[in-house]
Amino acid sequence: MSLLNVGGRALLANQVALQTAGNNIANVNTPGYSRQTVSLQTVQGQFTGGGYIGQGVDVQTILRNHNELLTRQAAAAGAVQAADSTRAQRLSQVQDIFPGGTKGLGASITDMMNSLADVVASPSDITARTVTLTRVSEMAGRMRSAAEQLGEVAYSVTEQLGGLTDKINSLAQSVAQVNDQIARTKGNGQVPNDLLDRREQLIRELNQYVQTTQIPATDGTVGLFVAGSQPLVLGTTATPVSVQEAGQFPGSGQMRLMFNPPGATPIELDENLLGGGEAAGLLRFANTDLAEARNLLGRMAQAIGMTMNAQQKLGLTLDGTQGKDLFAVETSAQGFSSGTAVGTASYSDPARFAASDYEVRFTTPPAGQVVRLSDGKATPFTDLANLSGQQIDGLQFNLTSAGAPGERMLFKPFAAPAANIQATVYSPRDLAVANPINASMGKTNGGTLQLAALQATGKPTPLVLPGNANPTATPAIAGGVQLQFNATTPVTFDAVDRSTNPPTTLAAGQTYVSGQPISINGWSITLQGTPKAGDTVTVGNALDPQYGDAYTRNAGNGTALMNLRDAKLFDESTMSDGYAGLMAQVGTRTQSAQYAADLSTSIAKNLESDRTAVSGVNLDEEAGKLIQYQQAYQASAKMLQIAQSIFDSLIQTMGR
């Protein structure tokens with residue numbers, strides 16, 4: 001009978017081994033399946049006078065081939081890879097919005113500036129003026145188109161984030177349900193391998209969307225935590241998450257992942273603590289990468305618009321009127337705060353704009369600091385008057401009420417300019433290409449003075465045009481501002497306003513340097529050559545009746561407009577090079593993100609290979625085990641056959 005028992009146990013044990021190997025082969029392609037192995041143990045031997053006689057074998061348990069460390073490392077690496085790949089993919093879309101060549105925004109800026117050359121060559125040519133206004137409109141249109149495409153990307157990111165939170169909540173709920181099943185089965189003393197595989201697969205899938213930290217509990221459940229400490233799954237309870245606008249800056253468009261405990265106020269999760277996962281990658285893209293691209297584009301639109309508007313308004317149209325704005329641009333940007341601070345930021349100096357968002361942070365109100373978020377540079381202020389009196393990166397922050405201690409106020413001055421820029425001059429006659437001033441050399445000059453440049457600049461003081469002549473006055477008023485050169489070493493000059501009676505000296509004894517601009521009342525004249533004592537140069541109002549319609553054949557302001565292409569506006573880059581700088585910054589960020597994605601993909605792939613080397617099914621190995629267990633099963637069956645034959649012989653012998 002003992003032989004029968006040993007054979008029966010062996011038969012059953014090898015049958016379980018065969019079934020386990022077959023189960024491994026059947027699940028070779030099942031995601032998350034961990035290879036299982038039969039653990040056999042010897043049955044306690046029977047004591048006899050001749051020693052312990054073996055009683056056969058029993059199945060102790062079905063082992064799950066699994067390495068906890070490798071599993072967690074692979075899940076974490078997969079989360080980082082998902083975040084990096086999602087961000088790189090979205091940045092590639094942004095890069096496509098800013099192409100080079102003739103289809104790029106840079107080409108439209110260049111075409112607009114180059115078209116002014118024909119106007120300068122022929123100031124009264126209506127066709128040339130029309131072409132310029134067409135180029136102006138095209139440039140503004142491309143700015144709006146690029147901003148619209150960025151808006152479409154932002155919208156798709158928001159929609160994708162909404163879909164991701166649904167998946168996160170669904171997977172978290174599934175983990176909680178499996179936790180419940182595992183806790184219920186723990187009392188039977190055996191490990192529920194398939195449930196554990198199911199839970200780990202759910203956790204791996206969850207980490208593709210948001211990185212989690214896993215902490216096991218004594219009841220067999222696993223707690224999942226996000227952003228360091230928030231319990232996404234705790235035992236059999238899952239807490240939902242959502243994506244909403246930042247509560248601290250309502251209306252700003254900044255997105256946050258929100259943790260929503262039942263019956264409690266939603267908790268805003270710091271995206272810097274989220275780690276990996278597609279949700280973290282999308283949030284970083286939306287709040288950082290996309291914001292920078294929008295700021296670069298918005299700064300370009302605002303700076304070009306303000307700079308050209310300023311010069312256009314200094315010139316004269318064909319009808320002799322002062323020019324009006326070429327572009328409709330933003331005048332101020334609203335601040336965002338959930339506290340008591342209220343105010344706006346206005347634009348003052350386009351040459352100093354930085355492509356960044358800003359925060360006004362109140363430390364000891366009304367004192368605080370303005371922080372440039374792109375690099376963290378802080379500018380302190382003592383009170384609101386001190387704040388509004390400062391110019392920070394070409395901006396003025398005008399607050400009507402201060403915030404509470406610790407309150408922050410967000411400003412996004414370059415988020416809207418590109419989307420709202422419009423061409424506002426439609427009639428070619430309204431293009432102000434004529435200088436509002438003219439210059440003439442004294443008829444009795446004996447030196448070698450020559451006019452090199454004459455331009456209305458509006459700097460360093462607003463433009464004040466020279467007064468007109470009045471020949472009917474007694475005595476007659478000559479008009480204009482006359483530069484009168486003196487016989488000194490070095491040569492000096494006096495600037496005399498001849499439109500007053502008697503004439504007024506504006507400046508006396510000023511040193512003359514050939515080729516160096518002379519700035520008076522918001523206009524600038526550059527002379528070359530050497531004057532003699534008594535030589536004069538008169539700068540007059542272009543609309544002075546004594547000059548007739550000479551202004552219609554003048555293109556001095558058109559030349560100044562055209563020369564703006566070489567003005568430094570964007571981090572020491574010129575207007576014509578600004579778009580190239582934008583492309584370079586977006587391209588560098590995209591390339592860096594792609595490199596990070598490639599690196600994290602390689603790491604995740606290697607760790608997953610290490611995990612599957614332990615947990616994965618090897619068909620060759622399982623085929624070998626099938627043969628091994630088959631032979632053992634056959635031998636066990638033979639043992640039973642022999643035992644039966646011996647038992648039959650014994651019965652027959654006893655029957656005689």
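If we count other beta carbons within 10 Å of each Cβ, what is the order of I518, I168, fewest first? Show your work: numbers first, answer last.
Numbers: I518 18, I168 27.
Final ranking by Cβ density, sparse to dense: I518, I168.
Just order 188-195, 299-306, 231-238 by mean Cβ neighbour count inside 10 Å, highest at the front, would you? Each step should come with its number before you reach the end.
Details: 188-195: 14.1, 299-306: 27.0, 231-238: 19.6.
Per-residue mean Cβ counts within 10 Å order the peptides as 299-306, 231-238, 188-195.
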The chain, relative contact order [Cα under 8 Å, separation at least 6], %: 18 percent
Simple spin-label estimate for A117 and T363 in nanometres, 7 Å along Cα-Cβ: 5.4 nm
Semi-axis lengths (Å, descending) of the ellipsoid that matches the C-alpha gyration tensor of the range 456-550: 23, 16, 12
Centroid-to-centroid separation of the range 97-147 and the range 495-534 [C-alpha atoms, Å]: 37 Å
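Hey, with R₀ at 45 Å, roughly what FRET efficiency would T530 and D383 work out to, going by the Cβ-Cβ distance, to 0.05? Spell out each step's value before the answer.
On the way: r = 54 Å, r/R0 = 1.20.
With a Förster radius of 45 Å, E is 0.25.
For a Förster distance of 41 Å, can you work out the FRET efficiency between the beta-carbons of A637 and D610, rounded to the nearest 0.05?
On the way: r = 40 Å, r/R0 = 0.99.
Given R0 = 41 Å and the Cβ-Cβ separation, E is 0.50.
Once you charge only the Cβ atoms, +1 for Lys and Arg and -1 for Asp and Glu, what is the size of the charge dipole of the range 291-428 about its Cα centre, to the nearest 20 debye?
Magnitude of the dipole: close to 100 debye.
For T317, T134, which order do you get if you count the other beta carbons within 10 Å of each Cβ and list the fewest first? Walk me through the numbers on the way to the answer.
Numbers: T317 23, T134 15.
Placing the least packed residue first, the sequence is T134, T317.
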Rough spin-label spacing in nm, given labels placed 7 Å along Cα→Cβ, for I215 and N445: 8.5 nm
C-alpha center-to-center spacing [the range 26-62, the range 618-651] in angstrom: 15 Å
Reachable aspartates and glutamates, given that their alpha-carbon falls under 17 Å from the alpha-carbon of K459 and they are not under 8 places away in the same chain: D349
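Could you give the dipole magnitude of the chain about its Cα centre, charging the beta-carbon of Lys and Arg +1 and that of Asp and Glu -1, in debye to the nearest 20? Numbers along the way, then the final one.
Details: 43 positive and 52 negative charges, 97 e Å.
That gives a dipole near 460 debye.
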In nm, spacing of pseudo-spin labels at D349 and S92 (7 Å Cα→C-beta vector): 4.2 nm
Which of K605, K443 has the fewest Cβ neighbours within 10 Å, and the rest in rising order: K443, K605
Kyte-Doolittle mean at least -1.0, axial Cα span of 20 Å or more - DSSP H helices of the chain: 2-26, 68-97, 105-121, 126-185, 290-312, 575-615, 619-655
Distant-in-sequence amide H partners of M255 (H built 1.01 Å from N, under 5 Å): A246
Spatially proximal aspartates and glutamates relative to K443 (Cα-Cα < 14 Å; intrachain offsets below 8 disregarded): D535
Structure-based [θ]222 nm, the chain - -39500 (n - 2.57) summed over DSSP H runs of at least 4, per residue, nearest 500: -14500 deg cm²/dmol
Contour minus Cα-Cα distance for I126 and T321 (0.36 nm per residue): 68.5 nm
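Working out 0.36 nm times the residue gap between T331 and Q591, then minus their Cα-Cα distance, what length gain in nm do you get to one decimal?
90.1 nm
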Burial ranking of peptide ranges 157-163, 495-501 (average Cβ count within 10 Å, highest at the top): 495-501, 157-163
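Can you give the FRET efficiency to the nearest 0.05 for T461 and T158, using r as the Cβ-Cβ distance and R₀ = 56 Å?
Working: r = 48 Å, r/R0 = 0.86.
Efficiency computed from Cβ-Cβ geometry: 0.70.
Work out, step by step, the length gained on full extension between Q41 and I627: first 0.36 nm times the residue separation, then minus their alpha carbon distance; give nm to one decimal. Walk me through the numbers before you get to the answer.
Numbers: separation 586, 0.36 × 586 = 210.96 nm, distance 2.07 nm.
Result for the pair: 208.9 nm of gain on full extension.
All of the numbers you see were taken from the coordinates with simple rules; none came from a lab. If you're wondering where the values come from, they're calculated on a predicted model, not measured in any experiment. Please note: Cβ atoms are built from the backbone with ideal geometry, for glycine as well, and neighbour counts cover all protein chains shown.
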